[in-house]
Structures are given as structure tokens and as C-alpha cells.
Amino acid sequence: MDIRITEIRISLRDDEKLKAFVTITLEGCFVVRGMKIIKGNQGMFVAMPSRRKPDGTYQDICHPINQATRERIEHQILEKYRQELEGTLVK
């Protein structure tokens, strides 16, 4: 069963590594906030919402449980990000 992303909201940032915050809505009834678009050494990627643990490391709060789902979510988010960037360049 595939869960559809029914809305993607992008909040652009002008930072060297952090490019945007992302909120997605799944099936019109479940929201995931706190995702980030990061510019890494290998290109752009989507970081899942996380919290800092007492030992200083980070733990994802929620995340896809397989690579295919992660890739599908990341592809849709990065496509929306590109559209947002193009929209800001046109204005």
C-alpha cells in the first residue's frame, strides 16, 4: 500500500547547507513537520525530523522504513523545492 503525499509546503532558507524546511501531508490527514532540505557533499537530500539525544547524537522522530519509500518521498520533495526556487527567480 502506497501512502500518497497530498501536500508539500516548502519554507526556503538562505543558508550554505540548510536550503529549506519542509512540511508534508499524507493522505490529507497526517502532517509531518520538521523535515529539512540539506545541501551535502553528494548533492541535495531530505533529512527527516529528528531530536537531539542527551549524548549529543540525533535520532529521527519518523522515517521511511525502506529505501524505495525514502527515494519516492525525497524525489517529490526535491521536485517541489525546484519549483519553489524557479518561482522565486521569476518574481
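Within region 6-20, count every residue that is surrounded by fewer than 16 Cβ atoms within 10 Å (Cβ to Cβ) and either of a type outside the set (G, A, S) or more than 25 Å from R52 (Cα to Cα) (or both).
10
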Open item on the list: Looking only at region 27-43, how many residues end up being part of a strand (DSSP E or B) and in contact with an Asp or Glu (Cβ under 9 Å, 6 or more places away or on another chain)?
Closed with: 2
Open item on the list: Going residue by residue through region 60-68, is there one that turns out to be small (G, A, S) and assigned to a strand (DSSP E or B)?
Closed with: no
Task: Residue check for E79: exposed (fewer than 14 other Cβ atoms within 10 Å of the Cβ), at pLDDT 95 or above and in a helix (DSSP H, G or I) - done: yes
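The values are calculated or read from the model by the stated rules, or taken from the named source; none is laboratory data. Keep in mind the model is a prediction, meaning the values are calculated, not measured. Positions of Cβ are backbone-derived with ideal geometry, glycine not excepted, and every protein chain shown enters the neighbour counts.
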